[in-house]
Amino acid sequence: MLSSHNRQSRYWDAYWQQMPRAELDAFHFRRLQRLIAFAYERVPYYRRLYQEAGFRPEHIKTWDDFYRLVPVTDKPMITEDQYGQGSLFGFQALPAEYHRWFHRTSGTTGQPLNEAFSGYDRLIAAYDSWCWGWWDVGLRPGDSIYFAFGYGTFIGFWTATFSAERMGLTIIPGGGLSTEQRLLQILELHPTCVCATPTYLLHMSRVAREKGLPLHEAGVRVLTMAGESGGNVPSMRAALRAGWGDVRICDIYGISELIFLATECREASEGKALGVHVAERHCHSFVADPATFKPLFEDGAVGEHIVTTFRPTQPLIKYRTHDLVRLWRAHDHGCGWTWTFLEGGVLGRTDFMVTIRGTNVYPTAVENLLGQVDGLTPYYEIHIERRQDQDCMSVVVEAEPALAREVYPALQERAMQLLHHAIGVRIEVQVVEPQSLPRYELKSRKVIDHRRKG
């Protein structure tokens, strides 16, 4: 499907991307009222949840009502509805005759969830989603995109394919190939954009260097990253440009059950304001205190990202992402988008927080600091465990290939000193040889919480 958009326009959809804040808020509130009523009528779990909370949909007359009266939802609730009630899908609002696609979450944070998508879901919630960022970083109909992964039941990169079709891009799937085979295909076909997880894109550049493949000559102009955190870490972006050349980077933030949540604009891609814009055409979000779920309205406040998606097949209302974000309703960095801006993308996880001698430590802060240590690579693992009734954190990180093993102890000490100076607590660091840690095509396991096994 070729796009009919004006190729010279800055925006994929200027009407939505530049809608005044007051109009966006009014739009959200009307849709939230209708969605809550729809879920109350169609989903028994929501009806029980709301009745236990003592309210009915007609009670939601103001924003304060929405924030104060509507309970938050969480992944265990969907799991309970799917597995506990013997139904195929949790929070199912539309019957099977409306289902057109079936997907399944990866299950990296628990039991996998079944997901049903209607034709409306694809048209409204998936077709345009990746286009907003792609168009702003310069992709146009007739450009080509290489998908460096195998298609499975995980919804994430399927929506990217839908959007590529919508925009009129030439789609090149790289499923079923080795990394070297994919690199050879990229050098042969010269795609405009390559799409993968950030760690796999970095892995591809390292394999190209080891095999003597001239990746800089492939003509790739844009790298699209999704599927894991790290896309907004400056050291990761610098490493990717060192491997792929002078490319624009478009980082995507999404969660499987919520689908697409946010994308970078051109200014973020160029490093003028690292972060992502929430896709307010399809969802509403705010930040809240993770302990009380009370909204934090101050611009720049850090809290848990609470999201509502306007997807009727399986509506998720005030859904806990457990992601910590810094949210701005107004963040003028020159792009002209009016959509909420999440500065720095995902800053951490509420469930991965570690309190060490009274100091709250988040893995993302550790990741950002490791990127400042010359000689360390973006390949690392953060281990969280409990020793003698206290949380503790340690890091295993690969050294640059050119470094001799004799310098590893000094490198470890330099990294531990930086972490101690910046965070205020001592975190153990172990520097290991290149290729010591596993590589992943899709989601990498950067944070390993051993406390969950106890």
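Could you pull out the residue among Q82, Q92 that is over 19 Å from the mean Cα position of the chain (by Cα), polar (S, T, N, Q) and either assigned to a loop (DSSP other than H, G, I, E, B) or more than 24 Å from K318 (Cβ to Cβ) (or both)?
Q92
Right, R48: of a type in the set (K, R) and either in contact with a Pro (Cβ under 6 Å, 6 or more places away or on another chain) or loosely packed, with under 14 Cβ neighbours inside 10 Å (or both) or not?
The answer is yes for R48.
Can you tell me which residue in segment 55-110 is modelled with the lowest pLDDT, limited to those that are exposed (fewer than 15 other Cβ atoms within 10 Å of the Cβ) and on the phi > 0 side of the Ramachandran plot?
G107
Looking at L94, L49, L123 in this structure, which one is of a type outside the set (D, E) and in contact (Cβ under 8 Å) with a residue 60 or more places away in the chain?
Result: L94 is the single residue among L94, L49, L123 that is of a type outside the set (D, E) and in contact (Cβ under 8 Å) with a residue 60 or more places away in the chain.
So, G174, is that one in the same structural domain as Y253 (by TED's automatic domain parsing), of a type in the set (G, A, S), in contact (Cβ under 8 Å) with a residue 24 or more places away in the chain and in contact with a strand residue (DSSP E or B) (Cβ under 9 Å, 6 or more places away or on another chain) or not?
So G174 fits the description; yes.
Can you confirm whether T321 is more than 22 Å from D13 (Cα to Cα) and modelled with pLDDT of 90 or more?
yes
Go over the candidates F341, F352 one by one and state the one that is touching a strand residue (DSSP E or B) at 6+ places or on another chain (Cβ under 7 Å), modelled with pLDDT under 80 and of a type outside the set (K, R).
Testing whether each residue is touching a strand residue (DSSP E or B) at 6+ places or on another chain (Cβ under 7 Å), modelled with pLDDT under 80 and of a type outside the set (K, R) leaves just F352.
Each row is one residue, and each column tells you yes or no for (1) at pLDDT 95 or above; (2) touching a Lys or Arg at 6+ places or on another chain (Cβ under 8 Å); (3) buried (at least 21 other Cβ atoms within 10 Å of the Cβ); (4) outside any loop (DSSP other than H, G, I, E, B).
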residue	(1), (2), (3), (4)
A239	no, no, no, yes
A242	no, no, no, yes
Y253	no, no, yes, yes
H277	yes, no, yes, yes
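Would you mention how many residues in segment 373-430 are charged (D, E, K, R), surrounded by 15 or more Cβ atoms within 10 Å (Cβ to Cβ) and not in a helix (DSSP H, G or I)?
Here the count works out to 4.
Can you confirm whether segment 417-433 contains a residue that is under 25 Å from L347 (Cβ atoms), small (G, A, S) and touching a Leu at 6+ places or on another chain (Cβ under 6 Å)?
Among the residues of segment 417-433, at least one is under 25 Å from L347 (Cβ atoms), small (G, A, S) and touching a Leu at 6+ places or on another chain (Cβ under 6 Å), which makes the answer yes.
Conditions tested, residue by residue: (1) part of a loop (DSSP other than H, G, I, E, B); (2) at pLDDT 95 or above.
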residue	(1), (2)
L177	yes, no
P191	yes, yes
V194	no, yes
T199	no, no
V220	yes, yes
E228	yes, no
M236	no, no
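Of all residues being among the aromatic types (F, W, Y) and in contact (Cβ under 8 Å) with a residue 40 or more places away in the chain in segment 288-327, which is nearest to W101 (Cα to Cα)? Just the residue, please.
Keep residues of segment 288-327 that are among the aromatic types (F, W, Y), which gives 293, 297, 310, 319.
Next, from what is left, pick out any that are in contact (Cβ under 8 Å) with a residue 40 or more places away in the chain: 293, 310, 319.
Values: F293: 33, F310: 17, Y319: 22 Å.
My answer is F310.
The values are calculated or read from the model by the stated rules, or taken from the named source; none is laboratory data. Note that the structure is a prediction, hence the values are computed from the model and not measured. Positions of Cβ are generated from backbone atoms using ideal geometry, with glycine treated the same way; all protein chains shown enter the neighbour counts.
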